[in-house]
Amino acid sequence: MKLIQQYFPDLNKLQIEQFGQLGDLYAEWNAQINVISRKDIENLYEKHILHSLAIAKVLSFKPGTNIIDLGTGGGFPGIPLAILFPETQFLLIDGTRKKMKVVQAVADATQLSNVTAKQLRAEECKEKVDFVVCRAVATIDKLWSWTVPLLKSEQKNALPNGLIAMKGGDVEKELGLLPKHEYSEIFPIQDYFDRPVFDEKYVVYVQG
């Protein structure tokens with residue numbers, strides 16, 4: 001938990017409590033339903049929570065923003081972002097029912113009233129939102145094809161509506177798969193969190 005406060009020193013008391021709860025909640029649920037690899041659960045705060053919060057270093061969501069976390073798995077990046085941005089609405093979707101059970105339980109336990117969890121595949125989603133966020137569930141071109149139909153036309157944030165994906169490896173090559181006219185940016189996570197675990201890890205933004 002101190003790791004999160006190191007990089008986000010302005011958390012209020014409730015946010016500190018909510019982030020603090022995540023360690024025990026995920027350890028307890030992961031013992032029943034494996035949503036995080038067993039070896040990673042000990043590094044939850046660095047590899048999952050802090051990693052998710054790299055998105056917040058790229059863009060601070062304005063109140064009233066609507067976001068879909070696509071293929072959320074155990075609730076990342078959606079749950080940490082929902083704690084950080086309590087006035088932003090998050091819809092966390094995944095096709096796996098048992099994962100959504102964990103996500104809903106964690107959201108309930110931490111009293112995150114700005115989180116909705118639904119068992120849904122990306123192609124089935126009909127919501128209109130400002131941003132789609134996700135962690136490496138597919139290649140950028142595939143993620144973008146799912147994102148485009150979900151984006152609202154009106155803008156309210158510092159960046160135009162679009163996709164914000166967390167990726168590793170050769171992201172330049174992946175971005176080459178996008179249609180030529182699409183605007184994208186790459187943000188190395190090491191620029192925000194100087195820790196070896198984030199070598200070659202990036203936040204990728206594609207503008208709608």
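Every read-out reported here was derived from the displayed coordinates using simple, explicitly stated rules and does not represent laboratory data. Computed from a predicted structure; not experimentally measured. No Cβ is skipped: glycine too gets one built from the backbone with ideal geometry, and neighbour counts run over all protein chains shown.
Considering only DSSP beta bridges where both residues belong to the chain, give the percentage that are antiparallel (nearest 5). Restricted to the chain, the bridges split so that about 40 percent are antiparallel.
In order along region 194-208, phi translates into HN-Hα couplings of 7, 9, x, 4, 9, 4, 6, 10, 9, 9, 10, 10, 10, 7, x Hz, rounded to whole numbers, per the Karplus curve 6.51 cos²θ - 1.76 cosθ + 1.60 with θ = phi - 60° and x for Gly and Pro. Shape of region 65-139 from its Cα gyration tensor (a ≥ b ≥ c, root eigenvalues): rounded if a/c is under 1.5, otherwise prolate when a/b > b/c, or oblate? Oblate shape, in that a/c is at least 1.5 and b/c is the bigger or equal ratio.
Local charge sum around P179 (other residues, Cβ-Cβ under 15 Å, Lys/Arg +1, Asp/Glu -1)? Residues close to P179 contribute a combined charge of -1. Remark: the D141-I16 segment gains 41.4 nm on full extension, using 0.36 nm per residue and subtracting the alpha carbon distance. 3J(HN,Hα) couplings calculated from phi for region 77-88 with the Karplus curve 6.51 cos²θ - 1.76 cosθ + 1.60 (θ = phi - 60°) are, in sequence order, x, x, 5, x, 5, 5, 5, 6, 10, x, 9, 10 Hz; Gly and Pro show x. The helix-based estimate of mean residue ellipticity at 222 nm for the chain, built from -39,500 (n - 2.57) per DSSP H run of four or more residues and divided by its residue count, is -9500 deg cm²/dmol to the nearest 500. Think of each Lys and Arg Cβ as +1 and each Asp and Glu Cβ as -1; about the Cα centre, that makes the dipole of the chain roughly 440 debye. For the pair region 10-44 and region 93-138, the centres of their Cα atoms are 17 angstrom apart. Looking at region 116-208, the DSSP beta bridges with both ends there are about 65 percent antiparallel.
Projecting the Cα positions of V133, V171, G73 onto the charge dipole of the chain (unit charges on Cβ atoms of Lys, Arg, Asp and Glu, taken about the Cα centre) puts G73 furthest along the positive direction. For region 25-81, trypsin sites (Lys or Arg not before Pro) meeting the loop criterion (DSSP other than H, G, I, E, B) and having at most 15 other Cβ atoms within 10 Å: R38, K39. In straight-distance terms, cross-link reach from K99 covers every one of the aspartates and glutamates whose alpha-carbon lies under 14 Å from its own, apart from those fewer than eight places away in the same chain; here that gives E28, D69. With a Förster radius of 25 Å applied to the C-beta separation of Q119 and D40, the computed FRET efficiency comes to 0.60.
In terms of surrounding Cβ atoms within a 10 Å radius of their Cβ, M100, M1 rank from fewest to most as M1, M100.
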